[in-house]
Amino acid sequence: MNIVLLGAPGAGKGTQASLIAEQYQIPHISTGDIFRKNIKEQTPIGVVAKSYIDKGDLVPDDVTVEIVKNRLEEDDCKNGFILDGFPRNVYQAEALLKIAELDVVLDVDVPLEDLMARLTGRRVCSGCGESYHVSTLGGRNTCAKCGENLYQRADDNEQTVSERLEVYRENTQPLIDYYKSKKLLKSVNGAQDKEKVFDEVRSVLDNL
Ligand code: AP5
Ligand code: MG
């Protein structure tokens, strides 16, 4: 199954992708995670990506498309993949058309006004990448899955989140109509418990 997860910053793409990957045994490919790994390792891609990500802007298309193309050529993608955070504009969507055939584009739909609180309260595991929200951690600062420390993403501050939401409105939201016209779009209500969101996701995927 070749899946694209569409959704605004903080809609729960990463959360749902990780559940899908576990249930359907296909790799979860997040361009944001790939960039953050490169930033941590101070690679040339990381240096370029950081200057954009810190501001909440998109990393240039040529860099991003090349990364995805190379990743999708790896062996573990032969039986399917979940793309989380790619494509993010029409140019990337057109490039993806030439790289892979999609089975479904899942839009995780959450009112944009809910997202500031989700993102500024997010904490991420430095070991396995699992996402949490401070409101459910009860002061704990370690991961329930692997025990490693949690941290706050550098782009989860109020100013950068505002810019990310604006970039989403301008560049990524138009992909909803783009994929509707290609009859690939399915929407799930992302403004409910993550387990309920996943029930909807599963029902879409099991009926493909
Ligand atoms: P990226 O890492 O993709 O960030 P994003 O799109 O802004 O999305 P997030 O990862 O912040 O949110 P999410 O939807 O994964 O939500 P999550 O599950 O964590 O990209 C970062 C940057 O990299 C971009 O700004 C850009 O600069 C660059 N980049 C990446 N891809 C690019 C591309 N293709 N082209 C160019 N540049 C690119 O959940 C969020 C929070 O909500 C968590 O705290 C979670 O616990 C909580 N939560 C999750 N589900 C629920 C629920 N159902 N109810 C309540 N809370 C929930
Ligand atoms: Mg994410």
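For region 37-57, a tally of residues being surrounded by fewer than 20 Cβ atoms within 10 Å (Cβ to Cβ) and either within 7 Å of ligand 1 (Cβ to nearest atom) or hydrophobic (A, V, I, L, M, F, W, C) (or both) returns 7. Only a single criterion out of (1) surrounded by fewer than 19 Cβ atoms within 10 Å (Cβ to Cβ); (2) within 12 Å of ligand 2 (Cβ to nearest atom) is not satisfied by residue 127, namely (2).
Condition first: part of a strand (DSSP E or B), buried (at least 19 other Cβ atoms within 10 Å of the Cβ) and within 7 Å of ligand 1 (Cβ to nearest atom). Can you find one or more residues in region 18-36 that meet it? Taking every residue of region 18-36 in turn, at least one turns out to be part of a strand (DSSP E or B), buried (at least 19 other Cβ atoms within 10 Å of the Cβ) and within 7 Å of ligand 1 (Cβ to nearest atom).
Scanning region 126-139 for residues that are within 11 Å of ligand 1 (Cβ to nearest atom), touching a residue at least 12 places away in the same chain (Cβ under 8 Å) and not aliphatic (A, V, I, L, M) yields a total of 6. Right, residue 53: over 16 Å from residue 103 (Cβ atoms), in contact with a Phe, Trp or Tyr (Cβ under 9 Å, 6 or more places away or on another chain) and in contact (Cβ under 8 Å) with a residue 60 or more places away in the chain or not? Spelling it out, residue 53 is indeed over 16 Å from residue 103 (Cβ atoms), in contact with a Phe, Trp or Tyr (Cβ under 9 Å, 6 or more places away or on another chain) and in contact (Cβ under 8 Å) with a residue 60 or more places away in the chain. The residues in region 99-125 that are more than 10 Å from ligand 1 (Cβ to nearest atom) and not β-branched (Val, Ile, Thr) can be counted, and the count is 12. Scanning region 1-11 for residues that are buried (at least 23 other Cβ atoms within 10 Å of the Cβ) and either more than 10 Å from ligand 1 (Cβ to nearest atom) or modelled with pLDDT under 95 (or both) turns up 3, 4.
Residue-level analysis places residue 45 outside the set of residues that are of a type in the set (A, V, I, L, M), within 16 Å of ligand 2 (Cβ to nearest atom), outside any loop (DSSP other than H, G, I, E, B) and at pLDDT 95 or above. The set of residues in region 151-182 being within 22 Å of residue 133 (Cα to Cα), buried (at least 18 other Cβ atoms within 10 Å of the Cβ) and over 15 Å from the mean Cα position of the chain (by Cα) consists of 160 alone.
Applying the criterion of being within 12 Å of ligand 1 (Cβ to nearest atom) and in contact (Cβ under 8 Å) with a residue 60 or more places away in the chain to the residues of region 68-88, the residue that is surrounded by the fewest Cβ atoms within 10 Å (Cβ to Cβ) is 88.
The values are calculated or read from the model by the stated rules, or taken from the named source; none is laboratory data. What you see is a predicted model; the values in this text were computed from it and never measured. Note that each Cβ is placed from the backbone with ideal geometry, even for glycine, and that neighbours are counted across all protein chains shown.
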